[in-house]
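To keep things clear, I will list the structure first and then write my remarks on it.
The values are calculated or read from the model by the stated rules, or taken from the named source; none is laboratory data. Bear in mind that the values here come from a model prediction, so they are computed numbers and not experimental data. Note that we place each Cβ from the backbone using ideal geometry, even for glycine, and neighbour counts take in every protein chain shown. These accessible areas exclude ligands, DNA and RNA; they are computed on the full protein's heavy atoms, side chains included. Shrake-Rupley method; radii C 1.70, N 1.55, O 1.52, S 1.80 Å.
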Amino acid sequence: YPTKEALVAAALRARDERWMRWFIDGTSSGEPRARLLAIFPLLRSWFESADFRGCAFINAAGETGDPSSEIRAVARLHKQRLLGYLNEITTACGLADAAGVARQLLLLIDGATAVAMVTGQADAADCAGQTASMLLQTPNAQ
């Protein structure tokens with residue numbers, strides 16, 4: 001790799017493939033609402049793992065001051081892929097504002113991940129899951 005940035009970007013691309021495969025595999029069975037709610041127990045299992053260090057994409061993007069860096073571009077792509085997958089599930093649920101709910105779920109996922117990394121408390125996933133459950137009961141999610 002010609003630069004450290006190129007090396008980090010390549011590592012993040014590989015991480016994106018592994019993480020998305022793990023996430024999709026862990027949330028691909030059952031009816032759509034059950035799939036959405038399966039996200040948070042899956043996250044808890046990740047938060048409880050010995051190698052949990054938070055979101056590699058947020059961590060790496062936070063280390064670069066250049067918003068146009070290749071690292072930020074890969075981090076953005078990962079979040080777009082995750083949002084796209086969430087949007088597929090929220091659309092399959094028939095939600096009135098599927099795209100809006102998908103964005104809210106992304107925030108719950110990233111927020112729980114950040115809290116778990118900083119505090120070491122895996123139950124951040126449980127709290128996010130409870131919030132997601134309430135979100136799915138709101139009128140804009142019906």
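Full extension from ALA92 to ASP126: what is 0.36 nm times the residue separation minus their Cα-Cα distance, to one decimal in nm?
Working it through step by step, the gained length comes to 9.9 nm.
Simple spin-label model, 7 Å along Cα-to-Cβ: LYS4 to ASN59 in nm?
So the two model labels end up 1.6 nm from each other.
So what is the 222 nm mean residue ellipticity for the chain from helices alone, if each DSSP H run of at least 4 adds -39500 (n - 2.57) and you divide by all residues, rounding to the nearest 500 deg cm²/dmol?
-25000 deg cm²/dmol
In degrees from 0 to 90, rounded to the nearest 10, what is the angle of the helix 70-92 Cα long axis to the longest principal axis of the chain?
Result, in degrees: 10.
(1) 1.11; (2) 0.99; (3) 1.02: which one is Rg/Rh (Cα atoms, Kirkwood Rh) as calculated from this entry?
It is the value labelled (2).
If I stretch the segment between GLN80 and SER133 completely, what's the gain in nm (0.36 nm per residue apart, minus their alpha carbon distance), one decimal?
Working it through step by step, the gained length comes to 16.8 nm.
Working with all protein chains in place, sort MET117, MET134 by solvent-accessible area computed with a 1.4 Å probe, largest first.
MET134, MET117
Before I look further, what does the chain give for accessible area per residue, probe 1.4 Å, in whole square angstrom?
Here the residues of the chain average 53 Å² of exposed surface.
Could you give the size of the charge dipole of segment 30-118 about its Cα centre, using +1 on the Cβ of each K and R and -1 on the Cβ of each D and E, expressed in debye and rounded to the nearest 20?
The dipole magnitude comes to about 140 debye.
Percent relative contact order of the chain, based on C-alpha pairs within less than 8 angstrom and at least six residues apart? All intermediate terms of the calculation are to be shown ahead of the outcome.
Values: 141 pairs, mean separation 40.3, N = 142.
In percent, rounded to a whole number, it is 28.
Mean shadow of segment 31-99, computed from the convex hull of its alpha carbons, in nm²?
Average of the hull's projected areas for segment 31-99 equals 5.7 nm².
Find the centroid of the Cα atoms in segment 21-35 and in segment 98-118, then give the distance between the two in whole Å.
After rounding, the separation between the Cα centres reads 16 Å.
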